[in-house]
Every structure is written in C-alpha cells, then in structure tokens.
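Here is the structure we will look at, set down as structure tokens.
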C-alpha cells in the first residue's frame, strides 16, 4: 500500500514537473498576438515556443536612451542569433516607416523589426516607457522585464542562450490593472478629448522640434478654447508614458491649466482612438468622432475648431 502511494506521489511530481517545464504561463491571447514585421511577415510568440527564447525590445527613434542602447541591441542579435529570437518593436509614436528604416540603416540593425501602428502590442505587453526589454524562455515564460540594457539583462540573455532555467516571473508583471478613465460620451453633449504628453514640449525640442512647438501651441489653444466654450465637456488626456502624478501637477502649473486633465493610466483612451501624434484633439458627440486634428500651429485650423464647436 505504501509502495503504491509512493508511486502515485512520484508520478504526480514528475507530471507536474513536466507540465511546468513545457507549458507557458502567458495567456493564449498574448502568445498568439500578431507581430507584423517590416518585411510583411507576421509572427507571434507561439511560433518560437520550445524552439528559441525570445527577446522583445520596444523603442522609438527619438528616444535618447534607445539610441545609446542600439549597439548593444545589435550585439545581442549577432551573439545569440541561433538561440534567442531578437525582435525590435518601434512604438509608431511620431515615427513612420521611413524614420524607422533610416535608424535601422544608421546602426546596421539586422534583427526583424515591427512598427506598432495600432498600439495593440504596447497594450498587450503593458508598455509604459522606452526602452522596454522583455525576455521569454523557450517555453514562453516571462523571465525579465526592464528599461535598461544592464548586467541583469545580459546575464539572463547568456543563461537563456545556454538553455538554462531562469526564475519565471508572474505574467501579472505585464498585466494592466489600472482603471480606465470613464467618459460618458453618449449623453448627447459635445465632448472634447485633448490628448497630449507632459514631456512632448521639452523632450522633443531637438529631435522633433515641430512636434515640440505643436505641443506648446496646442495646450495654450486648448486653454483658450476651454475658457471660451464652457458648454463643451473638456477632457485633457495625458499619456502615461514616463509620467506620474508629480509630472502632471508640474505640467498643470506650467501652463496654468483650468480644464479637467488626467493621466490615462490604463492607456485605454490612447489605444481606443489610436492616438499616435501628440497632441491630438478629438470632438465626440453621441460617442461618435465628429472632428479630429493634430495641427495646432495653423490658425485657420483653430478657427475652424472654434466655429465647429459653436455649431455642435
């Protein structure tokens, strides 16, 4: 009887061990999330399960730390090409195929690269700021999340290349648990959603000077419009990227903002309306987009916004 029980215990142990070795702790939706490369090929994490570890890196051409890390990124691609699938994901924010390819050529990058035009990848992997490093072992378990190409990342890359077992991180590490901003946009009233970032006016001044100026002009104009058209429900929606409560308070003080403004901590609204240009103004009525613009330096455009708000 004891021998029989011991056999069952051992069998259960080995079955559990086998399950832990070969299964992934990621949701099927994440495993099968399509990643469309610049080549047109579509891949997903499930393609590499039990074959190769995967290294995903989110970046932008105007992100200064990203540029500093590009030689390291290419070094990883060259050193671990056969054992680790290295994939670059450009955010698609103030970037396009031309700017991405120019940077690829500048640093002679050879890893497959995608542009997250829809924002689906950023949402799925809970992206909160560049650079963003994600490592998955051969069983597609999450083993690293970070924002620096540091010693910890390098050590894990080396171990993964040798098929060593690493401590698995709970998939909750890349799960978005933030509450979405609730806007009652189907109440028959006109709602103005102004999407911006607390850093786009100063951080992009050298790399994207036209964007920097547009961010400054946009916020100043939103202040004027919100004071003039008080019957409109004004909503300032700030990107959560590199932004906390203190950053928002400083931004409000800097521009003397009186209208309602919040951080989109869940990134739900930015994703829902596919906002890839900062700033962007969207006018809603009965939950339908009636106007959208990202140009605040054009006086005629602003006059049109003012006239439109009167009509609606």
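Read the figures in this text as sums done on the coordinates, not as results from a lab. What you see is a predicted model, and the numbers here were worked out from it, not measured in a lab. Neighbour counts are summed over all protein chains in view; Cβ atoms, including those assigned to glycine, are modelled from backbone coordinates with ideal geometry.
Would you compute, from DSSP H runs of 4+ residues alone, the mean residue ellipticity of the chain at 222 nm, taking -39500 (n - 2.57) per run and dividing by the full residue count, rounded to the nearest 500?
-11500 deg cm²/dmol
Have a look at the DSSP beta bridges in the chain and tell me what percent are antiparallel, nearest 5.
Rounded to the nearest five, the antiparallel share is 55 percent.
Grab the Cα-Cα distance for residue 186 and residue 207, subtract it from 0.36 nm times how many residues apart they are, and report the gain in nm with one decimal.
Gain on stretching residue 186 to residue 207: 3.7 nm.
Quick one: if you stick a label point 7 Å off each Cα along the C-beta vector at residue 118 and residue 289, how many nm between them?
Distance between label points: 1.5 nm.
Using a 7 Å offset from the Cα along the Cα-to-Cβ direction at both residue 168 and residue 82, what is the distance between the two label points in nm, to one decimal?
2.8 nm
Most exposed first by the Cβ proxy, i.e. fewest other Cβ within 10 Å, how do 289, 128, 54 rank?
289, 128, 54
When the chain is fully extended, how far beyond the present Cα-Cα distance does residue 98 get from residue 75, taking 0.36 nm per residue of separation?
5.9 nm
Among 154, 95, rank each residue by its count of other Cβ atoms within 10 Å, from fewest to most, as a rough exposure measure.
Ascending number of Cβ neighbours within 10 Å: 154, 95.
Determine the distance separating the Cα centre of segment 243-267 from the Cα centre of segment 75-126; give it in Å without decimals.
Between the Cα centre of segment 243-267 and that of segment 75-126, the gap is 30 Å.
Grab the Cα-Cα distance for residue 245 and residue 260, subtract it from 0.36 nm times how many residues apart they are, and report the gain in nm with one decimal.
Length difference between fully extended and current span is 4.0 nm.
Quick check on packing: order 279-288, 132-141 by the mean number of other C-beta atoms within 10 Å, highest mean leading.
Peptide ranking by packing, descending: 132-141, 279-288.
Based on the Cβ-Cβ distance of residue 298 and residue 152, what FRET efficiency does E = 1/(1 + (r/R0)^6) give at R0 = 41 Å, to the nearest 0.05?
That pair, residue 298 with residue 152, gives E of 0.30.
Any idea how far apart residue 105 and residue 50 come out in nm if each label point goes 7 Å out from Cα toward Cβ?
4.3 nm
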